[in-house]
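Enquirer: Structure below; questions to follow.
Every read-out reported here was derived from the displayed coordinates using simple, explicitly stated rules and does not represent laboratory data. Not measured: the values here are computed from a predicted model. FYI the Cβ positions are ideal-geometry reconstructions off the backbone, even for glycines, and counts take in every protein chain you see.
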Amino acid sequence: MNDESIYWLWLARTLGAGAKTADIINYFGNARMLYEKGSREWRLSGILTASQINKLSLFSPSQFGETLRVCTENGWRIITPDSEFYPKRLRNIQSPPSVLFVWGDERVLNDEVMLSVVGTRKASNYSMRVTRLLSSKLARAGAVIVSGGALGVDSAAHAGAMESGKTIAVLGCGLGTDYLRDNAALRREISKNGAVITEYFPFTPASRSTFPMRNRIISGMSLGTIVVEAGERSGSLITARLALSEGRDVFAVPGEVITSAFTGTNRLIHDGAKPVFTALDVLEEYYYTYPDKIDLSGADKPLGEALKNAASQSADSHGNEHTVRRRKFAKSEQEKEPVKKPDRAEEQKPKNLPDSLSENAKKLYSVLKNEPRHIDDLSEEAGLSSADALSSLTELELYSLAALSEGKHYYKV
């Protein structure tokens, strides 16, 4: 950590997670230069809104010495955009985080071959086994596996990756938060075999909005995102759409067509995501770019065949069976995926939209209704192109202002 960290902490705290700071930093240079310019220059720049200027004036960088102390005492690193350890791919997303709090090895954040594996918290035994095996094979081939540190598919992805390599967990809460005790041991292991990271300040509790917000970091760090078992409204589909919006690849593991739990993943395949039957299906997309980083040995073996040979071993290793048992009793609000539709009375209540929301997203939000509407109708009424409408809807989903109903129909939350 260095003296510059407090200025980035000031920026992150005042504007909040997910704030679009790229234009601000491009104009002023860095967080320290922004602070030193002062409110008069902020107003003259035309870059900052009146609300942002007011927020920046509420705090001073000197107030974040306690945060530095807490992180130092706990062995947590603060990584900022001017650090050599800041993930290079994150610099290219629409809303790069101003700070990352890291528990573990910060060097892993810039591994060249990173792949994210995401899916439901309430995963079937089939999906847990497939995820664990696939993640293990990808890690053995040289990839770092990125996931969200939650129960279900996330846990299986991290556990499988640690059998053969490194993994990164991106949390939707602050380090030190008493959240999801079931996975406390898993997070400790990840810190020894990769890193646990978050953009949220230490001890920030998880909430309904923090999990979708962190998904942009999961997809943003990765070359591609692999979705395993996602229903029609799964948060994993937000991660997939974020990956697409940033020009990253999307893969999906096929599931039973008669089971609603796989509707989201199967629809991704229908819409163009590459189906995954072997680790090679993923790795071959990157081998010729990173031939010295990827080992294809054994990657072509079908996952189904490998599962038959490793069924008994898969159930016991690395505490996966314990995670499956405990998942049945996890009832926290953050782990409940279905989105509740508001009634018409709720729809009439005005909402204060986030300051960082783009103008296109605000236009799109103004035409959303309580009843689901097709994206084509929304884009036409808002006067946006299909690409801008999709990007805006994803942004609204991040702030829990919109939700996907079915197909390409969205409604106001």
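Enquirer: Report the one residue of 302, 101, 45 whose Cα lies farthest in the direction of the positive end of the charge dipole of the chain (charges on C-beta: Lys and Arg +1, Asp and Glu -1; origin at the Cα centre).
Expert: 101
Enquirer: Please list, in order along region 295-305, the HN-Hα scalar couplings obtained from phi with the Karplus expression 6.51 cos²θ - 1.76 cosθ + 1.60 (θ = phi - 60°), rounded to whole Hz, x for Gly and Pro.
Expert: Per-residue couplings from phi come out as 10, 8, 4, x, 6, 8, 6, x, 4, x, 5 Hz.
Enquirer: Related question: Specify which residue in the list 205, 149, 399 is farthest towards the positive end of the charge dipole of the chain, using unit charges on the beta carbon of Lys, Arg (+1) and Asp, Glu (-1), about the Cα centre.
Expert: Sorting the options by dipole projection puts first 205.
Enquirer: Please give me the summed charge of the neighbours of residue 95: other residues whose Cβ is under 14 Å from its Cβ, Lys and Arg +1, Asp and Glu -1.
Expert: Taking every Cβ under 14 Å from that of residue 95, the sum is -1.
Enquirer: Starting from the Cα-Cα distance between residue 380 and residue 209, subtract it from 0.36 nm times their residue separation and give me the gain in nm to one decimal. Don't skip to the answer; put the middle values down first.
Expert: Working: separation 171, 0.36 × 171 = 61.56 nm, distance 2.79 nm.
Once the chain is fully extended between residue 380 and residue 209, it gains 58.8 nm.
Enquirer: How much length would be gained if the chain were fully extended between residue 49 and residue 400, taking 0.36 nm per residue of separation minus their Cα-Cα distance, in nm to one decimal?
Expert: Difference between extended and current length: 124.1 nm.
Enquirer: Now a separate question. Rg and Dmax in Å for the chain, alpha carbons only: what are they?
Expert: 21.1, 68
Enquirer: Whole-Hz ³J(HN,Hα) for each residue in region 133-146, computed from phi via Karplus 6.51 cos²θ - 1.76 cosθ + 1.60 with θ = phi - 60°, x for glycine and proline: what do you get?
Expert: Here the 3J(HN,Hα) series is 5, 4, 5, 5, 5, 5, 5, 5, 6, x, 8, 8, 9, 10 Hz.
Enquirer: Using a Debye calculation, one point per C-alpha and no hydration shell, please list log10 I(q)/I(0) for region 68-162 at q = 0.19 Å⁻¹ in order.
Expert: Here the Debye-derived log intensity ratios amount to -0.96.
Enquirer: Using 24 Å as the Cα-Cα cut-off, could you pick out the over-long pairs in 20/408; 20/362; 122/362?
Expert: Details: 20/408 26 Å; 20/362 15 Å; 122/362 33 Å.
The pairs that break the limit, which is 24 Å between Cα atoms, are 20/408; 122/362.
Enquirer: Additional query: Kindly provide the pair-distance distribution of region 191-244 built from C-alpha pairs, with 10 Å bins from 0 and whole-percent values in order of increasing distance.
Expert: With a bin width of 10 Å, the distribution comes to 21, 48, 30, 2.
Enquirer: Need the full-extension length gain, residue 289 to residue 41, defined as separation in residues times 0.36 nm minus the C-alpha distance. One decimal, nm.
Expert: 84.8 nm is the gain from fully extending residue 289 to residue 41.
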